[in-house]
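The values are calculated or read from the model by the stated rules, or taken from the named source; none is laboratory data. Bear in mind that the values here come from a model prediction, so they are computed numbers and not experimental data. Here the Cβ is made from the backbone with ideal geometry for all residues, glycine too, and neighbour counts use every protein chain on show.
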């Protein structure tokens with residue numbers, strides 16, 4: 001993809017994480033990246049640190065890029081998308097990372113013949129460890145899907161899904177890090193109560209969660225089977241897992257995921273209604 005130009009409208013946290021990943025990838029290191037953001041400090045930072053060519057405005061990004069990534073807040077889309085229509089090239093790939101904006105909404109503005117990918121990266125992109133899902137409209141070619149997947153593979157791992165599965169995926173992979181951070185904080189606080197320095201408690205909790213996730217991913221064993229391997233009859237760990245169960249830990253997590261899914265579906269429905 002070295003001959004392609006990737007453009008970013010919006011240079012905030014997620015855009016900067018993607019650009020950082022691209023620059024660190026051997027396949028994309030020499031790629032031409034252009035972008036624009038209303039924030040001058042963000043423009044200066046991306047130009048200085050990641051060799052992003054800053055354009056004069058958002059329309060210039062759309063006009064001069066082969067692949068356009070929309071990385072602005074979802075509430076900006078109603079105003080932004082109509083402005084892009086006159087400058088987008090035929091068969092130019094547009095990638096949206098906005099939550100709650102389904103393909104039908106995007107196609108409603110840009111047209112069903114415009115190749116569009118809807119992508120859900122997560123905050124772990126900042127560490128090159130995002131779990132990203134992609135869905136596409138019918139105008140996307142296999143080559144464009146491959147190109148879009150390669151971009152987000154540079155910041156972690158990628159899976160292609162049907163759009164109907166996106167709310168559930170997003171609730172786990174995109175909102176899930178907030179749950180994980182809350183868990184790490186809770187473990188750290190418990191460690192502090194037990195006498196550990198905060199730095200030690202937080203390091204222990206973070207390393208434990210990282211290692212546990214790695215073990216589940218690499219072993220292929222069911223998490224419950226691994227729980228059984230950690231707990232022994234009459235031991236200490238079983239007391240902790242029993243307390244989590246008694247206080248409704250699993251139920252709370254499942255309800256949190258359901259709440260995110262319900263909110264995502266509400267936002268998607270509202271986006272469709274607003275466009276109609």
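Figures for the structure shown
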item	result
Residues located in the range 106-133, provided they are surrounded by 21 or more Cβ atoms within 10 Å (Cβ to Cβ), more than 17 Å from residue 166 (Cα to Cα) and over 11 Å from the mean Cα position of the chain (by Cα)	110, 114, 115
Lone qualifier among 99, 104 - being farther than 24 Å from residue 25 by Cβ, in a loop (DSSP other than H, G, I, E, B) and assigned by TED's automatic domain parsing to the domain that holds residue 37	99
Unique residue being in contact with a helix residue (DSSP H, G or I) (Cβ under 9 Å, 6 or more places away or on another chain), without any contact (Cβ under 8 Å) to a residue 12 or more places away in the chain and part of a loop (DSSP other than H, G, I, E, B) when the list is 196, 244	196
Filter pass, residue 210 being part of a helix (DSSP H, G or I), touching a helix residue (DSSP H, G or I) at 6+ places or on another chain (Cβ under 8 Å) and not assigned by TED's automatic domain parsing to the domain that holds residue 132	no
Residue 178 being under 30 Å from residue 268 (Cα atoms) and surrounded by 13 or more Cβ atoms within 10 Å (Cβ to Cβ)	yes
Any hit, the range 51-61, residues being at pLDDT below 95 and surrounded by 17 or more Cβ atoms within 10 Å (Cβ to Cβ)	no
Residue within the range 42-50 that is within 23 Å of residue 145 (Cα to Cα) and either touching a residue at least 60 places away in the same chain (Cβ under 8 Å) or in contact with a helix residue (DSSP H, G or I) (Cβ under 8 Å, 6 or more places away or on another chain) (or both) present	no
Whichever residue in the range 15-41 is in contact (Cβ under 8 Å) with a residue 12 or more places away in the chain and loosely packed, with under 15 Cβ neighbours inside 10 Å and, among such residues, is nearest to residue 117 (Cα to Cα)	27
Enumeration of residues in the range 232-245 that are surrounded by 11 or more Cβ atoms within 10 Å (Cβ to Cβ) and within 34 Å of the chain's Cα centre (by Cα)	237, 240, 241, 242, 244, 245
Among (1) over 19 Å from residue 184 (Cα atoms); (2) at pLDDT 95 or above, the one test that residue 274 misses	(2)
